[in-house]
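Okay, structure first, notes after.
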Amino acid sequence: MLLIDHCRLTWPDFKANYSLRVETGALCAVVGPSGGGKTTLLHMIAGFEKPESGTLSLDSHDLLPLAPSERPVALVFQDHNLFPHLRADENVALGLKPSLKLSADEWLAVAEALDAVGLKGFKKRRPGEMSGGQRQRVALARALVSGRPLILLDEPFSNLDPGLRRDMIELVDSLRRKRHVTVVMTIHTPEEIVDVADQMAFVANGEVIASGTPKEVLHNHPDPRIAAFSG
Amino acid sequence: MFKRFLTTLAALVLATGFAHAQTKPVLTIYTYSSFAGKYGPAKTIKERFEAICNCEVNWVTAEDAGSLVGKLRLEGQSTKADVVLGLDMNQAAEAKSLKLFAPHDTQVSGLSLPIQWQDDTFVPYDWGYYAFVYNADKLPNPPKSLKELVENPNGPKVMLQDPRTSAPGLGLLLWMRKVYGDKADDAWAQLKPRIVTFTKGWSEAYGLFLKGEADMVMSYTTSPAYHETVEKKTNYKAASFSEGHYLHVELVGMTNTTKQAELAKKFMAFVLTEPFQSAIPETNWMMPAKNPPSGPPAVFKDVIQPTKSLLFTPEEVLQNRRAFIDGWLNATSR
Amino acid sequence: MRLTLPHPGSLVALAIAALVIGGFSALLMIDGEKPSLLAIGPYLTRVLIFSTTQAALSTLLSILLGVPLAFALARRRFIGREFVLSALGAVMVTPTIVTVFAVLAVYGRSGWLASLLKALGFSGDFSIFGYPGILIAHVFLNAPFIARLTLDALDTVPAEQWRLAQSLGFSPRQIFRHLDWPVLHAELPGAAVLLFLVHFKSFAIVLALGGGPSRATLEVAIYEALHVDLDFGRAAWLALIQVAICLALTLTVNRLWTRPPVSHTLRSTILRPDAADRRLYILDIGILSASLLLIAPPFLSLLAGLSHVASVLDADFAKALVTSVVIAGLAACIACILSLALASAARRLRLEMRLPRAAEIYDLLPNVLLAIPPFALTAGLFLIVRPFIEPSSAGLILLPLMNGLAAVPFIYRFFGPKLMTAGERYGRLSASLGLRGFWKLRIMDWPILRRPLGAGFAIAMALSFGDFGIIALFGGPELRTLPYLLYERLGVYRLDEAAAIGLLIVIVSFALAYLSGRLSNAAD
């Protein structure tokens, strides 16, 4: 279980105070207006931002003292996930060993991960030779192969066409079920994820103002900001 | 549209530049930049000539004497120059070949020049000898001759100008030829280890010398007078060489394209009169071409007097310059 | 029916080609007789060999110092860092004569270093004339420039990749391999060619510090042909040789290094994770102090001019300052407009017409401009306009034009990547909205271009401000820039006043470079 309790962060022009609980193996969609602090929440979990107070733990392991690379967290961004000079399999392999000195077994794991995201036969391609959707699949494969139990996705499919977005969300859903990983994912089109997400957290003004099943949050919540957001 | 903008702007800048009256006839004189600079004689000469000519003098400058000829060549028949002032004698033949100059019709006599003047195109307005200048505090025993400078392997280090780009540079090239004749190239090779560098122009060389980069610098016999008069320093001296010194004469000529022929002629005659000549010594730091009745200017009383002047005719220079430079290049590049 | 106008970039490219061809043909035509190129064959070979060797060495050393300096500056934050960054930009635009004196004030026979050695008990003369002098001066001028370029390039690594590096636990070596090297690999070859050409053309520095006539560049031969032999035909031929060499070099480099697509995020202000590495810390301190020792003293020696500043501040100075500013401003306008037009034509070919090879022609043009000897081209153009314009006003038009053209190679890089960014981000959107021409520029490009445009303008202005090239042909009492004034004073023994003017020129250039740095570093 991912547990965030009153984590405070302060900038001259922005304050945040997050509390959130996500069950292991769940898919939690983080929604809300832009500038509300969705990405900051993910950055804090990944260790790029240090809260001044509060607790952050995964399965009761305290994450706060850990550097980003030591946290059991894998990341996929909206863009620039891949290094353009590396092949697809090398980009995935970075998730295992940044030195790229992998054993034969590890290369097999890389191939298997590419397979799992539907990119069999794309091993030797470079990012420039792939479509936007394929590039995001490679990034997903890297997150999987790292074996880290928590995957953070920051607007991962916002650059893709709506049909493709649908497919990708389904892929994420099936992968997390097979591999038993927890997924926290920001998204600006909540309606597309209502059917697959177990949980939805609404973030605005640097706080999680509502958390529950997607239906509860989107349709039955009294907070006017949510009503205004979901129209 | 863009071009129109530029021309308009250019016209605007011009208009502010020449805002003052355009009613009097204008005499345009080309010269080199330091002549017309803050410390140059151009301002005084302009005032004095305007007082007698009922005209306006407009100075147009080129970087140095070398660029003057280039500028004339570029402008050709369309040049706006009525008078060109500041050509070096070594450029005279080249300048004449442009066929832009008219005979001066001026009485040239009673000059202080160490040579006879016969040219009917150019009038000399000042002159001097090339000489090596040194700091007597640092170099108590300077060489007594060019040969001593060249041949003493432990002699002083010298700062020179490139003969391809500078007048004194060419001056030394010719000086060496006068002293060594056909052996000049060997002499260059002998001197080479003690040449600090060949700069693009006199300014850089003299500046580097003053900064202490060399023991001697190729300059003029009159250079010490500047330090004495303006800076009150007596330690800078010109070395007197027993073979004689190469002569440097600065010339003025009028163009045949001028629309102010009368004015130009008047100016050519004005050049050898006292008002012009007296402006030269303490601004251009050269000997006036014609001394006042009282004798040579007082500021130059300590200037060394070479026993012999060395000089090639302009025609000889035009003919041989390329060959001399090639020889020099070969000798100093070895 | 709509008449389709050619793209302004194509017009600019054509105009530049016309200028160059026109200028050179004019030079070639004025000479009836055949130019005597063969006569100077051996001389030419020697000059070419020397030019190439010295340019290659200077470039190599500038890179060897500049790149580590950029890394040290990228990794470290310290008080005065912004000042140092501006200084890096300003050093490059120091007028050459000021550089020569500054370098000798420190490394010369009577310089600071010699005095220090003497105080420490070393006797004996040493001289930096020859290769050491040329290399020191070039490295002093251009290592900071390379550092600046590299730093800008390093800043284009997307923030996401830095976060990935942090999250995946990259070692400093892996950071270099996967984040830094790709941008270096993309930027350095171009920068190296640019520098090589700058060094290849170096003139006054090479003559003053070279120590011998064999240490002359092609530019000296061109100057000689133009000014001394008045052999304009030969000048044109020599100029063409220079252009050909540079074109060949640029093309070869372009062929060997196909530039990867430019990244399209905005600069990150992320603190590099490798800043924490202890060995790199020591290395950076070493590099920073070495650079400081090499670059700061000549810069500081300029302060000697301070004592005579009061005596040069007169009406002449004020007028020259205004003239310099006006000319530099016009030149910067021209440079920005030309670069922008070329860059947008290149973008159109890349993004809309999918013709990256054709786009490279546009990327090539700035380098061609760099190879053209300004003296020769100006002389040629002057011959063309001579029948129509008075010589004195020709200067007013040609001066900003030539200075503007000369600045294009340096500022083109400010615009190209940014325009691509704008195009890749909003190109489709603006196409679907039907944005064209001015409105496309206003809405799609302006927000991203605003700051680089300011930065490019300031640098172009600084470059023109310190330039003593074309002004030498056209200057006069009515048209005097500050460098012109400096030479004028130097020509009449007034060394101190020249030093003061030199200092003031550098201060203005510094202010412009500071402005440029502020603009290009600010977040978009």
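The values are calculated or read from the model by the stated rules, or taken from the named source; none is laboratory data. All values reported here derive from a predicted model rather than from experimental measurement. Cβ: placed from backbone, ideal geometry, glycine included. Neighbour counts: every protein chain shown. Just the protein is used for accessible areas: all its heavy atoms, side chains included, with ligands, DNA and RNA removed. Shrake-Rupley method; radii C 1.70, N 1.55, O 1.52, S 1.80 Å.
Values as computed for the structure displayed
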| read-out | value |
| --- | --- |
| At least 40 Å² accessible surface lost relative to isolated chain, residues of the range C:203-242 (1.4 Å probe) | C:Leu207, C:Ala208, C:Gly211, C:Pro213, C:Tyr223, C:Glu224, C:His227, C:Val228, C:Asp229, C:Leu230, C:Phe232 |
| With Cα atoms, 0 to 90° folded angle of helix A:162-179 axis to chain A main axis | 80 |
| Protein accessible area in the range C:40-302, 1.4 Å probe - carbon and sulfur % | 70 |
| Under 12 Å, Cβ to Cβ, from C:Phe176 - net charge with Lys/Arg +1 and Asp/Glu -1 | +1 |
| For A:72-78, mean number of other protein chain Cβ atoms within 10 Å | 3 |
| Gyration tensor verdict on the range C:40-302 (Cα atoms; rounded if a/c is under 1.5, prolate if a/b is larger than b/c, oblate otherwise) | oblate |
| Pairwise burial B:C, computed as accessible area of each alone minus the pair, summed, 1.4 Å, Å² | 6300 |
| Percent accessible area from carbon and sulfur atoms, chain B, protein chains only, probe 1.4 Å | 53 |
| Shielding of B:28-34 by partner chains, average beta-carbon count, 10 Å | 4 |
| Surrounding net charge for B:Cys53, when Lys and Arg each add one and Asp and Glu each subtract one, Cβ distance under 14 Å | 0 |
| Cross-link reach list, aspartates and glutamates versus B:Lys265, counting only Cα pairs under 16 Å and skipping chain neighbours closer than eight places | B:Glu50, B:Glu56, B:Asp82, B:Asp105, B:Asp119, B:Asp120 |
| Lysines whose Cα lies under 20 Å from that of B:Lys233, excluding same-chain neighbours fewer than 8 positions away | B:Lys138, B:Lys211, B:Lys301 |
| Solvent-accessible area, 1.4 Å probe, carbon plus sulfur percent, for chain A | 51 |
| Positive minus negative residues near C:Trp112 (Lys, Arg vs Asp, Glu; Cβ under 15 Å) | +2 |
| In chain A, lysine pairs closer than 30 Å at Cα, eight or more apart or cross-chain | 20 |
| Tail beyond 38 Å, pair distance distribution of chain B (Cα, percent) | 19 |
| Proximal lysines to B:Lys178, defined as alpha-carbon separation beneath 26 angstrom and excluding residues fewer than eight positions away on the same chain | B:Lys96, B:Lys144, B:Lys147, B:Lys157, B:Lys192, B:Lys200, B:Lys237, B:Lys308 |
| Convex hull volume of chain C per residue (C-alpha atoms, cubic angstrom) | 174 |
| Relative compactness, the range B:197-332, computed as alpha-carbon Rg over 2.2 N^0.38 Å | 1.28 |
| Extreme residue, positive dipole direction of the protein assembly as shown, given options B:Ser112, C:Met29, C:Val67 (C-beta unit charges) | C:Val67 |
| Estimated dipole of the range C:40-302 in Debye, rounded to 20 [Cβ of Lys and Arg +1, of Asp and Glu -1, Cα centre] | 600 |
| Average accessible area per residue (Å²) across the protein assembly as shown - probe 1.4 Å, nucleic acids and ligands excluded | 40 |
| Test item: A:79-85 mean partner chain Cβ contacts at 10 Å | 6 |
| Helix axis angle, A:132-145 relative to chain A longest principal axis, alpha carbon, degrees | 90 |
| Axial C-alpha extent at least 15 Å, average Kyte-Doolittle at least 1.0 - helices from chain C (DSSP) | C:8-30, C:41-75, C:81-92, C:96-107, C:131-154, C:181-201, C:232-256, C:278-301, C:315-347, C:374-385, C:446-465, C:495-521 |
| Choice from B:Ser203, B:Ser97, B:Ser294 showing the highest fluctuation, given a GNM over chain B with Cα pairs closer than 10 Å | B:Ser294 |
| Sequence-separation-based contact order of chain C, relative, with Cα cut under 8 Å and 6+ spacing, percent | 24 |
| Protection proxy ranking of C:182-193, A:54-65, B:160-171 - average other beta-carbon atoms within 10 Å, highest first | B:160-171, C:182-193, A:54-65 |
| Under the span-like rule (Cα at least 18 Å along the axis, Kyte-Doolittle mean at least -0.5), DSSP H helices of chain B | B:2-17, B:167-180 |
| Residue-level accessible surface for B:Thr229, protein heavy atoms, 1.4 Å, Å² | 40 |
| The protein assembly as shown: C-alpha gyration tensor shape, a/c 1.5 cut-off, then a/b vs b/c | prolate |
